[in-house]
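What follows is calculated from the coordinates using simple rules that are stated; it is not laboratory data. Just so it is clear, the structure is predicted and the values come from calculations on it, not from any experiment. We place every Cβ from the backbone using ideal geometry, glycine too, and count neighbours over all the protein chains shown.
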Amino acid sequence: MSGRVPWEAEDALTHDKWHNVRIKLDAEQDETLAEISRLSAVLKSELEADLEDGDPDLYEREKTLALLRNLEDKQYSLSQALASLEDGTYGTCENCGREISPERLEALPYATLCLQCKALLERGMIVRPAERSSF
């Protein structure tokens, strides 16, 4: 796929495939943004209530904050996946350059690593390309 915009492919089936991926990513992004908005409102109300009560519920606030951070990370990943769909690199492992399996992308449409590289990352045997030193 290198360098080609996926839906510029001649095959109508391929065009439909990329169109469906985009729809799925857009829908997941919309859901994620809605949940970020909801949790932000919850966090704001928790902070306001804590100021009034004088006894902050630290556990609930920390839990909400952690959920919010995870959703913001997911939102970033979804944005990156949509950008890679546009530039023709969607479905390519950012570490080794091999194709990410369709099954993995079906389960996690914003995956940026193939299963082998993900396993290596989890074992600390590789570093994400974005975290590598530029020296």
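With each label modelled as a point 7 angstrom along the Cα→C-beta vector, the Leu108-Ala66 pair spans 1.9 nm.
Going by C-beta contacts inside 10 Å, put Val21, Val127, Val42 in order with the fewest on the left. Walk me through the numbers before you get to the answer.
Numbers: Val21 20, Val127 12, Val42 15.
The most exposed by this proxy come first: Val127, Val42, Val21.
Each residue in Leu58, Leu39 was given a count of other beta-carbon atoms within 10 angstrom of its own, and listing them fewest first yields Leu58, Leu39. Between amide H atoms placed 1.01 Å from N, distances below 5 Å from Thr92 occur with Ile100, all of them 5 or more places distant or on a separate chain.
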